[in-house]
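Comments concern the structure below.
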Amino acid sequence: MPVLISLSALTPFLTAAAFVLLNELGDKSQLLTIAFASRMRVGKVLFGVLIATLANHGLAVAVGTLLAHVPGWDGWVRFLAAVLFLFFGLAALRPDISAEKRSPPQSRLGDVATVAFAFFFAEMGDKTQLATVALAARFPDAPLLVLAGAAAGMLLADGIGITAGVLLHRKLSANVCRVVAAVTFVLFGLFGIYEGLTGLLGFSGAGAAVVTVLAAACTLTAGICLRKPGRKRTGRA
């Protein structure tokens, strides 16, 4: 029983860590970290990432927690967060083509400050930060655990990128990483939608299941469309 209680209490931390880890694999922020590590000490790079993550995702947690505690809005915010997870899942399928061509900026600041500033602005408005807002709204009573999980997931993802970046992108392609992240987001979103339909909107279990299945079908269709390679336009000179 104590073990089960401990695992339940750690759910916000583990969920945030897993989401951020899966979503950061192959993302532009991880590629930026790998580039920094090529000319800086790994310890300084990771420390800069930690500072930027605590600032960036701390803001996200504050916003998500505040929204979830607005009187009468907590259920709607959680339902909206579930819907957003479906969009995050679709967004995870889109490759950031330009990210691989980016190089770390030069700065007169110290290495740690340079990494922290660059990483902070690279993550601002990114899908990972928005996902942290949604997670904080999903677990409004454990904001520190969500923040700690997001920081742990970010450091783990960037640590993997630094130590095995080349192997990761050649053996485990960025496409595989994006698909795994997308599936995780979508499953979490579908569960939240079902929970919101039954608890917030008063749907029966069967009715909520039907709507959830329809949402899953629409998401799958959109995902397939995103995964299809675009046709090259041909024109006359």
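Could you check, for the range 178-187, whether at least one of its residues is modelled with pLDDT under 75 and either outside any helix (DSSP H, G or I) or surrounded by fewer than 19 Cβ atoms within 10 Å (Cβ to Cβ) (or both)? So far as the range 178-187 goes, yes, one or more of its residues are modelled with pLDDT under 75 and either outside any helix (DSSP H, G or I) or surrounded by fewer than 19 Cβ atoms within 10 Å (Cβ to Cβ) (or both). Picking from residues in the range 1-35 that are more than 21 Å from A134 (Cα to Cα) and outside any helix (DSSP H, G or I), the one that is modelled with the lowest pLDDT is M1. The number of residues in the range 148-163 that are over 20 Å from A91 (Cα atoms) and out of contact with any Ser or Thr (no Cβ under 8 Å at 6 or more places or on another chain) comes to 6.
So that you can scan it fast, the table gives a plain yes or no per residue for (1) crowded, with 18+ Cβ neighbours inside 10 Å; (2) at pLDDT 80 or above:
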{"residue": "L67", "(1), (2)": "yes, no"}
{"residue": "V70", "(1), (2)": "no, no"}
{"residue": "L80", "(1), (2)": "no, no"}
{"residue": "A92", "(1), (2)": "yes, no"}
{"residue": "V115", "(1), (2)": "yes, yes"}
{"residue": "D141", "(1), (2)": "no, yes"}
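Considering the conditions (1) under 22 Å from G48 (Cβ atoms); (2) crowded, with 22+ Cβ neighbours inside 10 Å; (3) modelled with pLDDT of 85 or more, D158 is excluded by exactly one of them, (3). Quick one: would you say A151 is within 25 Å of V61 (Cα to Cα), among the aliphatic types (A, V, I, L, M), modelled with pLDDT of 80 or more and surrounded by 12 or more Cβ atoms within 10 Å (Cβ to Cβ)? Yes. Only residues that are without any contact (Cβ under 8 Å) to a residue 12 or more places away in the chain and closer than 14 Å to V186 by Cα were counted across the range 200-219, and they come to 4.
For the condition buried (at least 17 other Cβ atoms within 10 Å of the Cβ) and modelled with pLDDT under 75, I97 does not qualify.
The values are calculated or read from the model by the stated rules, or taken from the named source; none is laboratory data. On a predicted model such as this, the values are computed, not experimentally measured, just so you know. Counting neighbours? That spans all protein chains shown, and the Cβs are built from the backbone with ideal geometry, glycine included.
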